[in-house]
Amino acid sequence: MRVYTTSFLLFILRLASAAPTPAPFFGINLAVGQSSDSAPVLVPQTDITSQLVRPALFARAVYCSSPVIKRWACGEPCKALGNNIQILAAGGDDKRVPNFFVAYDKEQDTVVVAHQGTEPKNFLSDLNDLNIDQVRANTTVLPNAGADVRMHDGFLETQERTSDLVLSTVQSALKSTGSKKVLVVGHSLGAAIASIDGMMLKMKLDPRIAVTTTVFGLPRVGNKAWADLVDRTLGASFTHVTNQDDPVPRVPPQFLNFQHPSNEIHITSVDHSGKTATAELCPGQENRECARGNSFLASSITNHRGPYFANISMANKFCPL
Ligand SMILES: *[C@@H]1O[C@H](CO)[C@@H](O)[C@H](O)[C@H]1NC(C)=O
Ligand SMILES: *[C@@H]1O[C@H](CO)[C@@H](O)[C@H](O)[C@H]1NC(C)=O
């Protein structure tokens, strides 16, 4: 592993900032569109704090039931985000429609979309089912997706159940607040839904709106054409965080033609308190030095739940209300 200084990262950021997509400083899009085994780059702690903690807090809070989310009274997961959160839509039944919300984060002047995940044990057995069908992208949701883009049937169907409401709520929120920023987050199944939402919003909103998609414990959502489309459409504004030996990012398997987009941030260790993580940015798609290189024998469902960093874990049990 190579270690670069913050000034090097800032230098890369400046290079990337000429690009039309808003480039958070993780935007080291080396070898985008290709599998890679290039050396990962250490992510400075300050960057974890400024870029990843708040998205992770939203991805945790969406596990709370929608009645408490609507009142922003979900206990610690809500408190950790402060009181300047205005819920614009919230719903889900924790089953067919995983919980979700659209909120206005006044503190960051950002419209936030969050999607809940599901119990990882059931999820893994579903994902390992060899009958997983890949279907063509829904061009109502993703107008720029070509016929070669194939996606996981179940993820697509689940996303479609909330896509119209998410889109219309985000559009009216941008109008009423004047905000120019959208953040889309999710964990596990919610990470898959959030990835599709991020693509939908980038394709459908005014191109001047900055759409940032930050997801945790993402399973593979589609084929190589999907991964390439995500790279082209979202570039450095898409980040998927994988934690140590979490098996979920490795399913469905690549031999069934599933492929992750670029911009994986791989956590290699978390200290005892759960508060400090060592994380690396992995160049390219499916970097062999990161989650892809994990052995299934060492896989850990606990790592899927967290803690990721700042002692943030994501599952129903971390939101008892
Ligand atoms: C595409 O998604 C929309 C929801 O945005 C849904 O109403 C429509 O039925 C879907 N189309 C197909 C062909 O599944
Ligand atoms: C970390 O979070 C867990 C679960 O929410 C909690 O039980 C534990 O006390 C926290 N640990 C620290 C060191 O804050």
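Here are a few things to note about the model shown:
- Residues that are open to solvent by less than 40 Å² (accessible area, probe 1.4 Å) and either without any contact (Cβ under 8 Å) to a residue 60 or more places away in the chain or within 11 Å of ligand 2 (Cβ to nearest atom) (or both), drawn from the stretch 282-306: ALA291, ASN294, SER300, GLY306
- Residue list for the stretch 104-117, restricted to those being among the charged types (D, E, K, R) and open to solvent by 10 Å² or more (accessible area, probe 1.4 Å): LYS106, GLU107, ASP109
- When ALA16 is tested against (1) at pLDDT 95 or above; (2) surrounded by fewer than 21 Cβ atoms within 10 Å (Cβ to Cβ), only condition (1) is not met.
- Matching residues, the stretch 178-202, being open to solvent by less than 30 Å² (accessible area, probe 1.4 Å), of a type in the set (Gly, Ala, Ser) and farther than 18 Å from TYR63 by Cα: SER179, GLY198
- Take the conditions (1) open to solvent by 10 Å² or more (accessible area, probe 1.4 Å); (2) in contact (Cβ under 8 Å) with a residue 12 or more places away in the chain; (3) under 22 Å from PRO143 (Cβ atoms); LYS175 misses just one of them, which is (2).
- Total residues in the stretch 141-161, condition surrounded by fewer than 23 Cβ atoms within 10 Å (Cβ to Cβ) and near ligand 1 (Cβ under 9 Å from one of its atoms): 4
- Looking only at the stretch 94-103, and only at residues there that are touching a helix residue (DSSP H, G or I) at 6+ places or on another chain (Cβ under 9 Å) and farther than 16 Å from LEU167 by Cβ, the one that is most open to solvent (accessible area, probe 1.4 Å): ARG96
- Residue in the stretch 307-321 that is farthest from ALA191 (Cα to Cα), counting only those that are among the aromatic types (Phe, Trp, Tyr) and open to solvent by less than 10 Å² (accessible area, probe 1.4 Å): PHE309
- When each of LEU205, LEU234, LEU256 is tested for being open to solvent by less than 10 Å² (accessible area, probe 1.4 Å) and among the hydrophobic types (A, V, I, L, M, F, W, C), the lone residue that passes is LEU234.
- Spans of strands (runs of 3 or more DSSP E) in the stretch 131-238 with at least 2 residues under 12 Å from VAL113 (Cα atoms): 181-187, 210-216
The values are calculated or read from the model by the stated rules, or taken from the named source; none is laboratory data. Every value quoted in this text rests on a predicted model; they were computed, and no experiment measured them. Neighbour counts are summed over all protein chains in view; Cβ atoms, including those assigned to glycine, are modelled from backbone coordinates with ideal geometry. Side chains included, ligands, DNA and RNA excluded: accessible areas come from the protein's heavy atoms. Shrake-Rupley method; radii C 1.70, N 1.55, O 1.52, S 1.80 Å.
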